[in-house]
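The numbers here are math on the coordinates, done by the rules we state, and not lab data. Quick caveat: nothing in here was measured; it's all calculated off a predicted structure. Positions of Cβ are backbone-derived with ideal geometry, glycine not excepted, and every protein chain shown enters the neighbour counts.
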């Protein structure tokens, strides 16, 4: 069976047609969901890109893989999806990027691998590596006569000053996006496959990651007047008063991360600008969906659709103006709730919608089970095959968990601001259907009643009436951590009869 693992970057779980969004246009994902299984309460385990992808690729929580920030190396001792695919007989091939910082152990100080966090996950054959500088894409544009030599300038709007928030498109067309480029490269590679050997492709799209800009017709697909409101406090000042971490983020997150050429802080965007960016983001999603349709059609044209397991997901999500924020990180669902669709041609649960909590770490054991290969370490995730069969496990989790680390190892800016050590700048979240509890290593905790406060605006951690709930959630979080500490060798014992190993 072929494996097609598709990731988008920064795609919110509620921004799909099949999940009920009233404005976003995702007909090809909707069709995939109708032909497979859509997981509606699926969550990333960390943010930003490197920590999120470490969990996805290894099936391990951050507390075990220890990829805390972009630039944190992934220890070479861990198994991953590409290495497992090789053991199963595949040549796993990458189109895009994995944002995995390689283990520097044993490497010379000047080794180029030590100079970037945008390494390739060990085990992948990189057919097209598209890191942040986007040079392969820019070179492709130049071959078409479009002279865009610089990544930053390529995403400037045409016809308006740099930094302007508007529906103005970039210089490249809808047929010239990074998404179109990677799709074309995959299709060209697909034509080289002879059909005698199954293939494994990881298509890792950049969009709808910022900068927020998209070509016609997607730039005007959604009107900013129609995008609805935002989940947030009455003002940035009121929002910042909710927690020291929010205050820090709102003080220092710059507009230039999201709008090319912009100056100032995100919190100072006007209401009209927040709405326009939200509309543009929905247009960016539609652009990716259109290229997904092109990709799916190519697989079908090769006669391989019914021999291909398809997984579509994202690394993490996007705040999209909620809480006066853009980007990812922290404890809000807007940052961690992501889409997941799995279409397994062997299974019969067509069109199913799974409401149970699932986590990004579940994809690793699911794919290993599909490839009939064992993991070299003990994964924290659980296979989703039962849901694909239409027979959900009876002992499935009733909560999701994620972690966020906000240390700044190289610059120490966060450490200086909070007056804390790097090891103290982290949080862990446990979220049930009713409650969300956020535990910080050295900052005040948070507790939210999601039944009455789905937007996480009223912290009940200090409310005496909720003391029992807070204790229960803290104990559950402690129990979760105790259960999921690395078990790779802890479930192995040397005896007089030899090595005895268990799976869990």
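Computed quantities for the displayed model
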{"item": "Virtual spin-label span in nm between residue 433 and residue 389, 7 Å along Cα→Cβ", "result": "2.4"}
{"item": "At R0 = 60 Å, FRET efficiency that the Cβ-Cβ distance of residue 408 and residue 307 yields, to 0.05", "result": "0.80"}
{"item": "In nm, spacing of pseudo-spin labels at residue 189 and residue 75 (7 Å Cα→C-beta vector)", "result": "3.0"}
{"item": "Potential extension, residue 481-residue 86 segment - 0.36 nm per residue separation minus Cα distance", "result": "139.1 nm"}
{"item": "Two-site label geometry, residue 21 and residue 491: point separation in nm, points 7 Å out along Cα→Cβ", "result": "3.6"}
{"item": "Whole-angstrom gap from segment 328-393 to segment 457-472, using each part's C-alpha centre", "result": "32"}
{"item": "CD proxy at 222 nm, helix term only [per DSSP H run n ≥ 4: -39500 (n - 2.57); per residue of the chain; nearest 500]", "result": "-8000 deg cm²/dmol"}
{"item": "431, 353, 83 arranged by Cβ crowding within 10 Å, fewest neighbours leading", "result": "353, 83, 431"}
{"item": "Bridge type composition, the chain - antiparallel percent by DSSP, nearest 5", "result": "50"}
{"item": "Under 19 Å from the residue 173 label point (7 Å along Cα→beta-carbon), backbone N, segment 128-151", "result": "137-149"}
{"item": "Separation of alpha-carbon centers, segment 222-277 and segment 31-106, rounded to whole Å", "result": "30"}
